[in-house]
Amino acid sequence: MNKLKPIYFGALIGIFLFTSSSLLAQKGEELKLWYQEPAKSWMMEALPIGNGYMGAMIFGGIEEEHIQFNEETLWTGGKGEWADYKGGNRENAYKHLPEIRRLLNEGKYKEAHQLANKELTGIIKEDKGNDVLEGYGAYQPFGDVFVKPVQQGEPTNYTRELDISKAVASVNYSIDGIQHKREYFASYPNRTLVFRFENNSPEGIDYIVRQTTPHQNIKSVFKNNQLIMFGQLTNNGMGLESRMLIESDGKKLSYDNGEILVKSAKTLTLYLTAATDYKNEYPNYTGRDYKALNKKTISSVKKSNYKQLLEKHIQDFSNLFSRVNFSLEGENNSHIPTNDRLNAYAEGKEDPSLETLYFQYGRYLLISSSRPGTMPANLQGKWNNKTNPPWSSDYHANINIQMIYWPAEITNLSESHEPLIEYIDKLRAPGRQSAKDFFNTRGWIVNTMNNPFGFTAPGWSFPWGFFPGGAAWYGRHVWEHYEFTGDKAYLKEKGYPIMKEAALFWLDYLTKDSEGKLVSSPSYSPEHGGISTGAYMDIEIAWDIFNNCIQAIDVLGQDKDFKEQLIAAKGSLLPLKIGQWGQLQEWKEDVDDPNNKHRHVSHLYALYPGNQINKIETPALIDAARVSLDARGDDGTGWSIGWKINFWARLFDGDRSYKLLRRALQLVHNDGVNMMDGGGVYTNLLSTHPPFQLDGNMGATAGMAEMLLQSHAGEINILPALPKTWDTGKMSGLKARGGIVVDIEWNQKKLKRIVLKSAFDQTVTIRYQEKTVDIKLLSGKPQLLDGELQPLD
């Protein structure tokens with residue numbers, strides 16, 4: 001039998017599960033993506049690094065290195081002529097609501113949709129001729145850095161890799177006996193992208209460095225060994241600047257016609273930072289002194305040498321990444337290039353360490369794109385090379401941005417959740433105006449598409465654009481941050497106020513149907529089907545925000561009158577219904593098609609990420625959810641497959657979750673043709689919608705965690721959906737609600753031991769299969785249980 005191969009040392013103190021000696025024994029098992037040739041495709045092959053503020057894609061070219069980079073706030077739209085559109089809102093649009101509702105009540109769905117599509121859509125300006133939404137805007141690439149080593153000969157022993165345990169990319173090769181080594185990392189503490197080029201030539205070699213940008217009217221100067229690129233976007237006047245400090249042991253640096261020539265260098269290091277004048281403050285979204293910020297950043301970089309910056313970066317990143325350790329019994333294939341492993345996996349071969357690598361890659365991407373003080377990750381994290389990216393590379397609030405943050409709490413990365421929560425808080429001001437203009441309600445909303453300039457209005461076409469439930473869905477993230485951390489001060493000062501306002505909207509917007517039940521009218525199931533008097537996702541989200549607010553009120557001991565309103569409204573909501581073929585209905589109207597394979601499965605929100613449906617309290621609805629999920633099938637986009645992994649985990653069907661995991665890891669060939677219809681990964685393990693979107697990676701990572709640990713139903717459920725294939729393994733550092741870090745070890749499909757460590761004193765219920773025990777946990781003291789859930793002292 002093969003030995004277990006630990007992936008990385010867990011943060012929980014070394015009790016049983018992972019020890020330094022076992023790591024040394026399995027040194028060959030590394031968390032690396034690696035290849036034997038440079039990347040040609042940005043989307044499919046280049047490797048991502050990021051520090052939350054900036055992202056970069058590394059190609060690893062031999063004749064010339066290409067590094068494409070982004071700065072998180074560089075967006076078109078939002079300013080200038082955008083002011084005429086008032087964030088997409090229509091004043092007094094709500095005056096058309098009574099007529100739309102009347103038409104719906106009379107069964108005139110076509111007429112109701114036509115009126116809603118005319119009067120309740122957001123206002124947007126489209127640029128003529130190129131399909132760019134000028135007013136709404138899009139996330140932009142900042143520029144590209146090219147470094148050309150002056151060298152001759154054929155390269156040998158080429159490798160390109162990304163070590164996700166350290167967040168360091170590297171390239172190694174030889175030409176004519178000269179060794180070349182490159183390292184790339186994105187420092188969060190120093191807000192800088194760092195690129196290092198080394199060679200062991202006795203005389204050194206020459207390097208040619210240049211930087212370009214896709215934007216017009218951008219100027220550049222070279223002074224004090226800094227290449228400074230600056231200007232304004234023509235679309236909205238946004239001020240931007242990048243500074244690249246160049247350090248080298250070369251004999252000479254010269255600048256001519258946009259190129260920097262470095263002569264006879266053995267080492268060349270580039271320190272790149274960038275910023276814009278964007279400031280996330282409604283309604284102007286401008287005012288940051290970005291040039292002063294960049295100067296300060298470069299000054300801080302100068303105080304340390306390369307080695308010190310690298311060590312500081314690795315320590316900072318590892319403090320987060322190393323908290324969770326996941327290993328499965330099986331053959332160690334880390335010596336095989338990642339693209340070859342994916343090809344073999346697609347042919348049906350087992351590769352458990354590829355699955356654990358993919359799990360950890362999701363955590364790597366989240367840390368790299370979301371850190372305290374940054375904007376949240378968008379559809380593509382912080383990586384985009386197009387001026388007109390798909391869906392503007394924006395903040396989609398009807399599943400996608402939420403899914404990106406699903407792994408945050410359960411995989412012990414609460415800090416990476418903070419940027420989303422801060423961003424949600426800043427959406428309240430524009431969201432209040434949208435709620436007033438479109439629905440004449442209290443509270444705040446955000447719909448399907450959202451940009452960093454406060455576009456909280458419905459989209460400019462229905463059905464896809466109508467989703468005022470986005471704010472309340474965000475409220476689940478706000479609540480779960482409390483559930484997993486136990487931070488009452490946060491809940492009181494920030495969390496509950498956000499949630500309360502989201503609940504106020506639903507208290508005002510819901511109306512009574514002919515049977516006196518509260519429904520959402522008009523409503524659309526996200527991106528699927530027609531207008532309705534009650535799309536069940538809306539009703540489930542309303543139930544969820546009411547329920548979470550009630551729990552928050554109980555925790556804080558305040559707002560008891562409001563609690564009574566919530567209890568009454570929650571009890572009056574249209575009950576979930578089982579339809580004519582045993583399915584969980586997607587709409588109040590029983591019109592579900594059993595042959596429909598649509599990627600959205602929105603009416604199962606109550607199963608995951610919600611908790612309204614669970615096996616203990618609602619077994620009949622669990623069965624109906626299974627029928628609906630079976631009917632939708634196992635195909636879909638990358639994020640759709642990721643959601644289904646979590647659904648089946650909540651249904652305790654680990655083998656079905658695992659089947660979908662293998663589907664998620666199917667290789668998309670470089671010619672862009674997928675082995676199946678939609679979904680899968682590229683050779684750089686980025687998930688494809690298609691094209692690349694970060695949500696598919698994150699959905700799969702969250703789903704794997706959910707297969708091994710669940711805590712949404714008032715108990716900590718150990719190995720609730722363990723697939724047969726994961727016969728023996730270990731997972732340390734996952735987090736359960738209540739701020740409890742959990743280590744799990746199993747052997748031959750049976751639990752061997754668990755370790756629980758709580759942030760504060762509490763008594764919790766632990767479940768393993770049909771057995772439950774109540775365990776008292778003391779703050780900071782690990783509690784070890786055996787496979788029978790008996791304490792081991």
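Computed quantities for the displayed model
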item: FRET E, pair residue 778, residue 559, Förster distance 30 Å, beta-carbon r, rounded to 0.05; result: 0.40
item: Translational D in µm²/s for segment 361-489 (Stokes-Einstein at 37 °C, 0.692 mPa s, Kirkwood Rh from C-alpha pairs); result: 217
item: Relative contact order (percent, whole number), segment 89-233, Cα cutoff 8 Å, 6+ residue spacing; result: 16
item: Cleavage-rule hits (trypsin sites (Lys or Arg not before Pro)) in segment 279-331: DSSP loop, at most 11 neighbouring Cβ within 10 angstrom; result: 303
item: Cβ-based net charge around residue 686, under 12 Å, with every Lys or Arg adding one and every Asp or Glu removing one; result: -2
item: Euclidean distance between Cα centres, segment 426-440 to segment 567-634, Å; result: 29
item: Relative contact order, percent, segment 589-747 [alpha-carbon distance under 8 Å, six or more residues apart]; result: 19
item: Hits among lysines - C-alpha to C-alpha of residue 771 under 26 Å, sequence gap 8 or more where chains match; result: 615, 724, 730, 735, 749, 750, 752, 757, 781
item: Euclidean distance between Cα centres, segment 495-544 to segment 174-238, Å; result: 50
item: Isotropic mean projected area of the C-alpha convex hull, segment 129-227 (nm²); result: 10.9
item: Whole-number percent relative contact order across the chain, with pairs defined as alpha carbons under 8 Å at least 6 apart; result: 12
item: Rough spin-label spacing in nm, given labels placed 7 Å along Cα→Cβ, for residue 105 and residue 223; result: 7.1
item: Translational diffusion of segment 341-384, µm² s⁻¹ [Kirkwood Rh, Cα pairs; Stokes-Einstein; 25 °C; 0.890 mPa s]; result: 200
item: Semi-axes of the equivalent ellipsoid for segment 183-257, Cα gyration tensor, largest first, Å; result: 28, 16, 10
item: Length added when fully stretched, residue 762-residue 331, from 0.36 nm per residue minus Cα-Cα; result: 151.1 nm
item: Diffusion coefficient, µm² s⁻¹, Stokes-Einstein with Kirkwood Rh over alpha-carbon pairs of segment 421-461 at 10 °C and 1.306 mPa s; result: 157
item: When the convex hull of its Cα atoms is projected in every direction, mean area for the chain (nm²); result: 33.3
item: Equivalent ellipsoid, segment 224-360 (semi-axes from 5 times Cα gyration tensor eigenvalues, Å); result: 39, 25, 18
item: Charge tally in the Cβ shell below 15 Å around residue 194, where Lys, Arg are +1 and Asp, Glu are -1, residue 194 excluded; result: +3
item: Distance in nm between pseudo-label sites at residue 349 and residue 256 (7 Å out along the Cβ direction from Cα); result: 5.2
item: Cβ-derived FRET efficiency at R0 45 Å, residue 771 paired with residue 572, nearest 0.05; result: 0.75
item: Label-point gap, in nm, between residue 490 and residue 40 - each point 7 angstrom along Cα→Cβ; result: 4.6
item: Hz values of 3J(HN,Hα) by residue in segment 501-511 - Karplus curve (6.51, -1.76, 1.60), Gly and Pro given as x; result: 5, 5, 5, 4, 4, 5, 4, 8, 7, 4, 10
item: Hull-based mean projected area of segment 531-624, where the convex hull spans the alpha carbons, in square nanometres; result: 6.9
item: FRET E, pair residue 593, residue 511, Förster distance 35 Å, beta-carbon r, rounded to 0.05; result: 0.85
item: Contour excess over end-to-end distance, with Cα ends at residue 266 and residue 289 and 0.36 nm allotted per residue; result: 4.6 nm
item: Rounded to whole Hz, the Karplus (6.51, -1.76, 1.60) HN-Hα couplings of segment 713-729, x for glycine and proline; result: 10, x, 8, 9, 9, 8, 6, x, 9, 6, x, 4, 5, 8, 4, 9, x
item: Rg ratio (alpha-carbon, reference 2.2 N^0.38 Å) - segment 274-350; result: 1.91
item: Listed peptides 700-706, 437-443 by packing density, highest first (mean Cβ within 10 Å); result: 700-706, 437-443
item: Reach of residue 307 by Cα under 18 Å, taken over lysines that are not fewer than 8 positions away in the same chain; result: 166, 181, 266
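Every read-out reported here was derived from the displayed coordinates using simple, explicitly stated rules and does not represent laboratory data. As the structure is a computational prediction, the values presented were derived from the model and not from experiment. Using ideal geometry, Cβ is built from the backbone for each residue, glycine included, and neighbour counts are taken over all protein chains shown.
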